[in-house]
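Heads up: the structure comes next, in structure tokens.
The values are calculated or read from the model by the stated rules, or taken from the named source; none is laboratory data. Everything numeric here is computed off the predicted structure, so don't read it as measured data. Here the Cβ is made from the backbone with ideal geometry for all residues, glycine too, and neighbour counts use every protein chain on show.
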Amino acid sequence: MSILEFVSRINPVAASGAVLVLVGVWGVLARPNLFKIAIATSVLETGVNLVILSTGYIRGRTAPILDSAADASTAAARMTDPVPQALVLTAIVIGLAVTALQLSYAVRLRAAGGGSSIESYGDEKW
């Protein structure tokens with residue numbers, strides 16, 4: 001298999017999702033600032049959503065919308081899988097709540113007199 005055949009077979013949605021996952025993991029592990037970690041987690045969640053969404057993508061298929069004029073058996077053969085789309089919608093709402101919780105913790109820790117860096121909380125015991 002040549003390199004051009006390999007590149008043409010890559011799903012662009014999955015590839016961009018994988019890049020976002022890698023950037024998000026790097027941001028979580030390499031940044032000591034709590035606010036930057038919250039943003040990196042949001043980027044990571046977006047990448048995971050794209051990877052999940054790409055699992056239901058099949059080239060040449062249509063959106064999973066069944067209109068009344070179409071025959072159900074032929075329309076089902078032309079549709080993509082709607083389950084990953086529903087999972088991603090749920091994950092978006094959960095990701096928003098997790099990001100809001102992370103940012104509220106960061107703001108409360110900073111307002112309580114601590115810094116916004118993880119290194120300033122190194123002596124804390126859980």
> Within region 13-32, can you find the residues that are without any contact (Cβ under 8 Å) to a residue 24 or more places away in the chain and either surrounded by 10 or more Cβ atoms within 10 Å (Cβ to Cβ) or not in a helix (DSSP H, G or I) (or both)?
Replying inline: Ala15, Gly24, Val25, Trp26, Gly27, Val28, Ala30, Arg31
> For region 71-95, what are the residues that are exposed (fewer than 13 other Cβ atoms within 10 Å of the Cβ) and either at pLDDT below 80 or among the small types (Gly, Ala, Ser) (or both)?
Replying inline: Asp71, Ala72, Ser73, Thr74, Ala76, Ala77, Ala86
>> Which of the numbered conditions does Gly60 fail, given that it passes all the others? Conditions: (1) part of a helix (DSSP H, G or I); (2) loosely packed, with under 10 Cβ neighbours inside 10 Å.
In response: (1)
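How many residues are surrounded by 11 or more Cβ atoms within 10 Å (Cβ to Cβ), within 26 Å of the chain's Cα centre (by Cα) and part of a helix (DSSP H, G or I) when one looks only at region 96-118?
Count: 12.
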